[in-house]
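S.K.: Got a structure for you, written out below as structure tokens; questions coming shortly.
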Amino acid sequence: MLNLQPPAEGAAQTAEGARKGFNAGDLIIEHVSNTSVDHPLIHLPRIFGIDMSVTKHVFMLWVVAAILFFGLTWLVRRYLAQERLIPDRTTSLLEITLEFVRDSIAAPNLGQKWVLAWTPLLLTLFLFIFTANLMGVLPVFDVLELLNSTVIHAGPESWFTRVLHGGVTATGNYNVTAALATIAFFCIIVAGTQAHGFVQHWKNLVPKGLPWPIYFLLVPIEILGMFVRPFALTMRLAANMAGGHIAILALLSLVFVFTQLFGHAIAGVGVGMVLSLPIGVGLTALELIVILVQAYVFTLLTAVFIGMAIHAHH
């Protein structure tokens, strides 16, 4: 859909934007939030009062899931189709990742008896979170938006233009991290039930042999702790991913803020060269480390919580 907006109307909007000036807050919110909530990419009906429409972050979850499913399927099938099973660089990287999750995360926390049972889940969480984090750092949508403004000129209401708006880091959305934490929450219960039985799993919440009045205080605390663990997983991942992007965008916004403040582009360029660009590059490099660390921490804590349910007597 081409941009058929009348020149007079476009000029009026440009003038209005100039009068309002640059707003760093709007820019940051635009790049980190799920801005297509009110105007979803795909309209779907409500089910039990829940709007099932596809927003930008839902779309990004689909993209990440498709990349992992088709990419890993193709990689493994290509490897197994060889006459001699000699892994190449990509297959070796996948093998290293699998062994790392199995030997460094699952085995120390779950024990050898339960490693094969829970490594697939932990590996899926690690790869999914890492890929979703990485998609938020790669400037794919920024390049597409540049092409749209210079070459394609799609209309503001077109699907292509709407998909370019909003944050691409789905793991910076608390709803996404809460869903991942909910999966971990139920896996903890399943693991404890498999290891000890349903009734005994709930009995293991509190130690045996204490005076009975203590249980009136201890049981509510332990039940509250069951929900605090997934809440901590939710907040830690989302806050770290959203916070890093906000810091980088705030630094880059100084270029426009100082340009507007002094009324000359030289002031903004000077601030950008001296402050925004060097620190922004450093924060971006740090963000590349954070996306890996956060995937590791989420997976590790999930393994720790599952292990606590399995080895409750420890």
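The values are calculated or read from the model by the stated rules, or taken from the named source; none is laboratory data. All of these numbers come straight from a predicted model, not from anything done at the bench. Counting neighbours? That spans all protein chains shown, and the Cβs are built from the backbone with ideal geometry, glycine included. The area values use the complete protein model at the heavy-atom level, side chains included, leaving out ligands, DNA and RNA. Shrake-Rupley method; radii C 1.70, N 1.55, O 1.52, S 1.80 Å.
S.K.: Can you give me the Cα centroid spacing of region 148-219 and region 256-280 in angstrom?
M.R.: What the calculation gives is 40 Å, centre to centre.
S.K.: OK, next. Would you kindly calculate the mean projected area, averaged across all directions, of the convex hull enclosing the Cα atoms of region 205-314, in square nanometres?
M.R.: Mean orientational projected area (region 205-314, Cα hull): 10.0 nm².
S.K.: With label points built 7 Å along Cα→Cβ from the Cα atoms of Arg236 and Phe48, find their separation and express it in nm.
M.R.: 2.9 nm
S.K.: Using the Cα centre of region 88-189 as origin and beta-carbon charges of +1 (Lys, Arg) and -1 (Asp, Glu), tell me which of Ser149, Leu123, Thr97 is placed farthest towards the positive end of the dipole.
M.R.: Leu123
S.K.: With each pseudo-label sitting 7 Å past Cα toward Cβ, what's the Thr150-Ile86 distance in nm, one decimal?
M.R.: Calculated label separation equals 4.3 nm.
S.K.: Stokes-Einstein at 20 °C, 1.002 mPa s, Kirkwood radius from Cα pairs: D for region 75-207 in µm² s⁻¹?
M.R.: It comes out at roughly 114 µm²/s.
S.K.: Sorting Met226, Met308, Met273 by accessible area (1.4 Å probe), largest first, what list results?
M.R.: Heavy-atom accessible area, descending, gives Met273, Met308, Met226.
S.K.: With +1 on each Lys and Arg Cβ and -1 on each Asp and Glu Cβ, and nothing else charged, work out how big the dipole of the chain is about its Cα centre, in Debye to the nearest 20.
M.R.: Dipole magnitude for the chain comes out near 860 debye.
S.K.: On a full-extension model of 0.36 nm per residue, what is the gain between Ala285 and Val206, subtracting their alpha-carbon distance, rounded to one decimal in nm?
M.R.: Stretched fully, the Ala285-Val206 segment lengthens by 24.0 nm.
S.K.: Moving on to the next point. In Å², what does the accessible area per residue of region 31-76 work out to with a 1.4 Å probe?
M.R.: Using a 1.4 Å probe on heavy atoms only, each residue of region 31-76 averages 63 Å².
S.K.: Hey, if we sort Ile306, Ile221, Ile246 by accessible area with the 1.4 Å probe, largest down, what's the order?
M.R.: Ile221, Ile246, Ile306
S.K.: How big is the equivalent ellipsoid of the chain along its three axes, where each semi-axis is √(5λ) from the Cα gyration tensor, reported in whole Å from largest to smallest?
M.R.: Value: 44, 25, 21 Å, ordered largest first.
S.K.: Tell me the accessible surface of Trp202 in square angstrom (1.4 angstrom probe, heavy atoms of protein chains only), to the nearest ten.
M.R.: Looks like 90 Å² after rounding.
S.K.: While we're on this one: Under the 0.36 nm per residue contour assumption, what length would be gained going from the current alpha-carbon distance of Glu95 and Glu157 to full extension?
M.R.: So the chain would gain 17.9 nm between Glu95 and Glu157.
S.K.: Work out how much length Thr73 to Ala24 would gain on full extension: take 0.36 nm times their residue separation and subtract the Cα-Cα distance, in nm to one decimal. The partial results should precede the final answer.
M.R.: Values: separation 49, 0.36 × 49 = 17.64 nm, distance 4.24 nm.
13.4 nm is the gain from fully extending Thr73 to Ala24.
S.K.: To continue, here is another question. Find the accessible area per residue for region 94-220; the probe is 1.4 Å, ligands and nucleic acids are left out, and the unit is Å².
M.R.: 54 Å²
S.K.: Something else: With no solvent and one point per C-alpha, what does the Debye sum give as log10 I(q)/I(0) for region 124-271 at q = 0.09 Å⁻¹?
M.R.: -0.53
S.K.: Using a 1.4 Å probe over the heavy atoms of the protein chains, calculate the carbon and sulfur portion of the accessible area of the chain as a whole percent.
M.R.: 72 percent
S.K.: For Thr55, Thr150, what's the largest-to-smallest order of accessible area, 1.4 Å probe?
M.R.: Of Thr55, Thr150, the descending order of accessible area is Thr150, Thr55.
S.K.: ³J(HN,Hα) across region 203-208 via Karplus (A = 6.51, B = -1.76, C = 1.60, θ = phi - 60°), whole Hz, x for Gly/Pro?
M.R.: 5, 6, 4, 10, x, 8
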